[in-house]
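Heads up: the structure comes next, in structure tokens.
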Amino acid sequence: MTSEDSQDFARVRRIVKTDEFSSVFRLRPAQKSAHFVLYTRSNELPHARLGVVVAKRFAPRAVTRNTIKRVTRELFRCAKLPAMDCIVRLARPVNSKDGPATTAALKAALRAEIARLFSSQAGRPPKAAS
């Protein structure tokens, strides 16, 4: 199995450098949902790459932040996206310090919301890099 067909989340499939994040953030958001904003930009690679930004002010507990990142990576691996850089950013609070850190209902809601974002981009050509 080649790396292009692989379902892994190797380093080549991640956006890790600050300037790479900045170049995608400069573009307008591709899609918004209740809690997330998806930014996309075409790339010259044979595969899509992902970056996830989860601010502590919107998800105060590390357990919640890690759950969001884990669910996002899992759905990204399963999505058939064209060659593009995607950044998923948490834009609104998902819970507070008062309640439980994660629940099955929260995970299901996050999964549905993120899956909707990725599916909206699956057939769409990415925005050109500027």
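Name the residue, out of Arg73, Arg77, that is under 21 Å from Ala101 (Cα atoms), basic (Lys, Arg) and modelled with pLDDT of 85 or more. Full working, then the answer.
Values: Arg77 fails: under 21 Å from Ala101 (Cα atoms).
After applying the criteria, what remains is Arg73.
Those residues that are out of contact with any Phe, Trp or Tyr (no Cβ under 8 Å at 6 or more places or on another chain), part of a helix (DSSP H, G or I) and of a type outside the set (Val, Ile, Thr), I need them from the range 37-95; list them, please.
Selection gives Ala62, Arg65, Asn66, Lys69, Arg70, Glu74, Cys78.
Looking at (1) over 11 Å from the mean Cα position of the chain (by Cα); (2) under 24 Å from Arg11 (Cα atoms); (3) among the hydrophobic types (A, V, I, L, M, F, W, C), which is the one condition that is false for Ala108?
Going through the list (1) over 11 Å from the mean Cα position of the chain (by Cα); (2) under 24 Å from Arg11 (Cα atoms); (3) among the hydrophobic types (A, V, I, L, M, F, W, C), Ala108 breaks only (2).
Can you say whether Leu106 is in contact with a Pro (Cβ under 9 Å, 6 or more places away or on another chain), without any contact (Cβ under 8 Å) to a residue 60 or more places away in the chain and part of a helix (DSSP H, G or I), as far as the supplied structure shows?
yes
Here's a check for you: in the range 26-36, which residue that is in a strand (DSSP E or B) and surrounded by 14 or more Cβ atoms within 10 Å (Cβ to Cβ) is farthest from the chain's Cα centre (by Cα)?
Only one residue tops the list, namely Gln31.
Of all residues in the range 74-100, which are farther than 19 Å from Ala34 by Cα and surrounded by 13 or more Cβ atoms within 10 Å (Cβ to Cβ)?
Glu74, Arg77, Ala79, Leu81, Pro82, Ala83, Met84, Asp85
The values are calculated or read from the model by the stated rules, or taken from the named source; none is laboratory data. What you are looking at is a predicted structure, and each value in this text was computed from that prediction instead of being measured. Positions of Cβ are backbone-derived with ideal geometry, glycine not excepted, and every protein chain shown enters the neighbour counts.
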